[in-house]
Amino acid sequence: MKMKLFTLILLYLTLYNSLIYSQWIRQTNGLPSHWSNVSSIDACDNSTAVIAVDNLIYKTENAGNTWTKISYPSYQGVDVSIIDKNHFWICTGNGKILATSDGGTSWSVQFYDTAKTTFIDYLKMFDLNNGIAIGDAVGNSPASILSTTNGGTYWVSISDTLFKAGFSGDVWRRISFINSNTGYFYISGIAPNQQLYKTTNGSKNWALTNYPNSDCDLIKFYNENIGLVAFMQTPLPNLKYGISRTTDGGNSWETFNIASTGYPDDFEFIPGNPSKVWYVNLESLYYSKDTGRTWTEQKIYNGQLWGRDLVFTDSTHGWLICDSGKVFYTSNNGGVIADISSNGFQMPKEYLLMQNYPNPFNPSTTISYKLKETGHVVLTVFDIMGREIAQLINGMQTAGEHTVNFEGANLPSGMYIYQLKASGYISSRKMLLLK
């Protein structure tokens, strides 16, 4: 009976070609349990990332297992950009650009000119020398477009009267630069009003695209040609968002529907493959494997996600930040399987013990793991002194992903260790019971 049921499940998955599951692990060690204003996240490799939140930066160098709080001498951070573990930049809501070259121990104010801008929306460093920043206009002056070729020692103001009194209607969400020459800006202001422009010469000149919609809440370009825009199709009370796509640099557009009313917050193309895209809004997280034509919701949190920003450093490693102190990390592209094999699904290529969720927990938590091959599995929980508390699994299990619930209602608060043994693979992780 079990084998028959398993065969039916495989047949269903093959027919509908939709085996998609998520593996985003929540990382909270060293982070506050709540924050009021989460701004952005950036990462330079699979282990190192920085978050701008409230008036602080949080940094990890171990894939989010621990976070270090970093202070900087200014007002609310808006956008953050990191090149390596020592060099990162932040722009602020009072018009400053600050930089550190020692991992956040010391800071220098690289730009501050309230005659040009009092709010910088966007900052992107492409390497240690070259970068772009954009700030809202002051009065009837042009929007402030800044460029550096020496790591921010000098930020050169590029004035374009086309953007008189111009500003970003959000923050970095309506600006997307591919490199120091090519970028897109959905400008708001007196002249012009709500239009999408493109530059190919480092902001010296801007050309109007053929973007067809009267609204834009989020833009992201993979390269100079391929880009996505999320926009409001219909307002309240029948709120509906749509997604438009261009593959020729804004000359022509297609529009697709997505079943969500959450305010758009970020797209993230997978590096090296523009067909694979993540999309987060205030409601939930979505994944596309056809460059935004169709989307599948990825459930990683029980309740409204309140997602804000995504970043991927390669085809598998990425971060997601949300309101209320939530940060998630994936080392396998969220567990999404984009290609379905002939037998209906793709087996794991390795053994993997994942972080329990939630963690800390009270009184129960879920432990997930992946098995490369069918074999004998032992999953055991120990206290911090190494004494066995419970043996959750001891027997044969098939290859694939498994989950098991651990109940700590009768245990005291404290740190516990859970250990997986399978076919020579041994891995242990910590979990914290807080009552």
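The values are calculated or read from the model by the stated rules, or taken from the named source; none is laboratory data. Everything numeric here is computed off the predicted structure, so don't read it as measured data. As a convention, Cβ positions derive from the backbone with ideal geometry for all residues, glycine included, and neighbour counts pool all protein chains shown.
Structure notes:
- At least 3 residues being touching a Ser or Thr at 6+ places or on another chain (Cβ under 8 Å) and surrounded by fewer than 14 Cβ atoms within 10 Å (Cβ to Cβ) is the threshold, and among the strands (runs of 3 or more DSSP E) wholly inside the range 381-435 those reaching it are 388-397, 400-407.
- Selection count, the range 182-201, where residues are closer than 19 Å to N251 by Cβ and modelled with pLDDT of 85 or more: 13
- Here W155 fulfils each of the conditions (1) buried (at least 18 other Cβ atoms within 10 Å of the Cβ); (2) closer than 26 Å to D266 by Cα apart from (2).
- Top-ranked residue of the range 214-224 - restricted to ones that are in contact with a Ser or Thr (Cβ under 6 Å, 6 or more places away or on another chain) and over 18 Å from L282 (Cα atoms), ranked as modelled with the highest pLDDT: F221
- Any hit, the range 174-197, residues being within 28 Å of the chain's Cα centre (by Cα), assigned to a loop (DSSP other than H, G, I, E, B), within 23 Å of F256 (Cα to Cα) and not charged (D, E, K, R): yes
- Segments classed as strands (runs of 3 or more DSSP E), wholly inside the range 118-168, with at least 1 members that are of a type in the set (D, E, K, R) and assigned by TED's automatic domain parsing to the domain that holds Q76: 120-125
- Hits in the range 235-252 (condition: polar (S, T, N, Q) and either under 19 Å from F185 (Cβ atoms) or not assigned by TED's automatic domain parsing to the domain that holds T199 (or both)): S244, T246, N251
Every residue, every condition in (1) at pLDDT below 95; (2) under 17 Å from D45 (Cα atoms), yes or no:
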position	(1), (2)
T66	yes, yes
S74	yes, no
D79	no, no
D84	no, yes
W89	no, yes
K96	no, no
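- Checking each residue in the range 130-168 for being more than 25 Å from T100 (Cβ to Cβ), out of contact with any Gly (no Cβ under 8 Å at 6 or more places or on another chain) and either free of Cβ contacts under 8 Å to residues at least 40 places away in the same chain or among the basic types (K, R) (or both) picks out V138, G139, S141, S159, T161.
- Residue ID - nearest to I83 (Cα to Cα), chosen from residues in the range 133-144 that are more than 21 Å from the chain's Cα centre (by Cα) and surrounded by 24 or more Cβ atoms within 10 Å (Cβ to Cβ): I134
- Those residues of the range 362-380 which are assigned to a strand (DSSP E or B) and either β-branched (V, I, T) or farther than 14 Å from R429 by Cα (or both), in sequence order: S364, T365, T366, I367, K370, L371, G375, H376, V377, V378, T380
- Scanning the range 278-297 for residues that are part of a strand (DSSP E or B) and buried (at least 20 other Cβ atoms within 10 Å of the Cβ) yields W278, Y279, V280, N281, L285, Y286, Y287, S288.
- Selection of the range 288-323 for residues being in contact with a Phe, Trp or Tyr (Cβ under 6 Å, 6 or more places away or on another chain) and either of a type outside the set (D, E, K, R) or in contact (Cβ under 8 Å) with a residue 60 or more places away in the chain (or both) yields S288, W295, T296, Q298, I300, L310, V311, G318, W319, L320, C322, D323.
- The set of residues in the range 102-125 being crowded, with 17+ Cβ neighbours inside 10 Å, within 19 Å of T68 (Cα to Cα) and over 23 Å from the mean Cα position of the chain (by Cα) consists of W107 alone.
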